[in-house]
Every structure is written in structure tokens, then in C-alpha cells.
1. I'm told Met179 meets every condition in (1) outside any helix (DSSP H, G or I); (2) free of Cβ contacts under 8 Å to residues at least 12 places away in the same chain except one. Can you identify the failing condition by its number?
2. Quickly run through the stretch 127-143 and pick out the residues that are more than 13 Å from the chain's Cα centre (by Cα) and within 18 Å of Val37 (Cβ to Cβ).
3. Could you please give the count of residues in the stretch 34-88 that are touching a residue at least 60 places away in the same chain (Cβ under 8 Å) and farther than 30 Å from Leu108 by Cα?
4. Report yes if some residue within the stretch 126-146 is modelled with pLDDT under 95 and small (Gly, Ala, Ser); otherwise report no.
5. Criterion first (out of contact with any Lys or Arg (no Cβ under 6 Å at 6 or more places or on another chain) and part of a helix (DSSP H, G or I)) does Gly150 satisfy it?
6. What's the number of the only condition in (1) at pLDDT 75 or above; (2) exposed (fewer than 12 other Cβ atoms within 10 Å of the Cβ) that Arg2 fails to meet?
7. Name every residue in the stretch 33-85 that is farther than 18 Å from His141 by Cα, in contact with a helix residue (DSSP H, G or I) (Cβ under 9 Å, 6 or more places away or on another chain) and charged (D, E, K, R), in order of residue number.
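The values are calculated or read from the model by the stated rules, or taken from the named source; none is laboratory data. Computed from a prediction, not measured in an experiment: that's the story for all the values here. Heads up, the Cβs are rebuilt from the backbone with ideal geometry, glycines too, and the neighbour counts pull from every protein chain shown.
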Amino acid sequence: MRTQKRVMSKNTKIIPFDQKNKRIHLAVSIVAAIFLVMLYCVIFLFSEQDGATSGALSHEVSKWIVASWEKITHPAWTADIRTSMIEYWEHPVRKLAHFSIYAVMGILVFLVWNPWTRKGFKRNILVIAWVFVSASLDEWHQTFVADRCGNFLDVLLDTSGGCFGLLLCMLCVRIYLSMRRKKGAV
């Protein structure tokens, strides 16, 4: 393993390879932390919506899905069928939103902590615990909002989304390391 490798910049300043790597890791971690804070703001804004507003948003997304499907397949649906399709899609849209947002959180938490924690089981438990606590606090927050309630099944769904994001990160790292080994860089 080469730790003495040096990289030349345009100003002919010599930067040790390990120091350059630390700077990149720090930059990735800081950018991920900024996006994580932004994601928390988005989650808070969604959780702050009352039941009617939240339901209306799911309804609009479901309406868009049904309209898009109708354009692609060209069926001759009646208004009743279209309405029942929209109602059918509202619940899956809501749950997919939960899963997706927390999958992004799992990715961001991984990127924040990966350079600073030991690789492996402990880091993964940290990411999963972080997502679980965040999901729990989000559901608890919803208990204070009109026409909303906290649901432990949503906490589990959110945590599974975070686990999915973590698994994507682990897969990407494994692919990256495999590619570097094949090139002989590691």
C-alpha cells in the first residue's frame, strides 16, 4: 500500500495522497450533512401539514399517476373508474413517499458518517438507529398536528427505507472497490 504517493497541483504544491483523500472525505461529509439538514426541513414541513392538506397532496399525485397511465395506455375509462383508480393509488403513493424520503436519509447519513466511523457492522447500526430515531420523532411530531396520528408501522416502513438506502451505499462502495482492484489501484 503506497502512502508516500504525491499529487502535483497547478501551483506545483505537493499534497500527500492521504491528505487529499481526507479533504475529499470531509467535503463529501459536509455536503451530505447540509443536504441532510435540508431533508429534515422537508420532512418537518410535510409532517406539519394537517390531515386534509396531506391527503390532498397524495390525491393530486395519484391523479397525476392515473392521468399519465391513461395517456400511455389510451383506455376509455369512465369518470367512476378514474376516481376509483385515484383512490386506489393514494395509499401506495403515501407509503412510497415515506420509504423514498427515508431511503435518501439513509444514504445521506451513510455519507456523513462513513469517513469518520469504522467500516462494518457498527457503522451500519449507527445509520439504521439514526433513521429509526428520526422516523420515531417524525411520527411523534404528527400526533400534535390536526387530523394526523403517529403510526409505528410508518416508523418501521421509514426504517426499512433507510436500510434500503444503506444497502445501496454498501453496494456502490463494493462495486467501486471492485473496479479499483481490477485496475490495480488498490
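1. Against the list (1) outside any helix (DSSP H, G or I); (2) free of Cβ contacts under 8 Å to residues at least 12 places away in the same chain, Met179 comes up short only on (1).
2. Val133, Leu137, Asp138, His141
3. In the first step, residues of the stretch 34-88 are kept if they are touching a residue at least 60 places away in the same chain (Cβ under 8 Å); the result is 35-36, 39-40, 43-44, 47-52, 54.
Pick out the ones that are also farther than 30 Å from Leu108 by Cα and you get 52.
So the count comes out to 1.
4. Yes, because at least one residue in the stretch 126-146 is modelled with pLDDT under 95 and small (Gly, Ala, Ser).
5. Details: out of contact with any Lys or Arg (no Cβ under 6 Å at 6 or more places or on another chain): yes; part of a helix (DSSP H, G or I): no.
No; evaluated as a whole, the condition is false for this residue.
6. If we test Arg2 against (1) at pLDDT 75 or above; (2) exposed (fewer than 12 other Cβ atoms within 10 Å of the Cβ), just (1) comes out false.
7. Lys63, Glu70, Arg82
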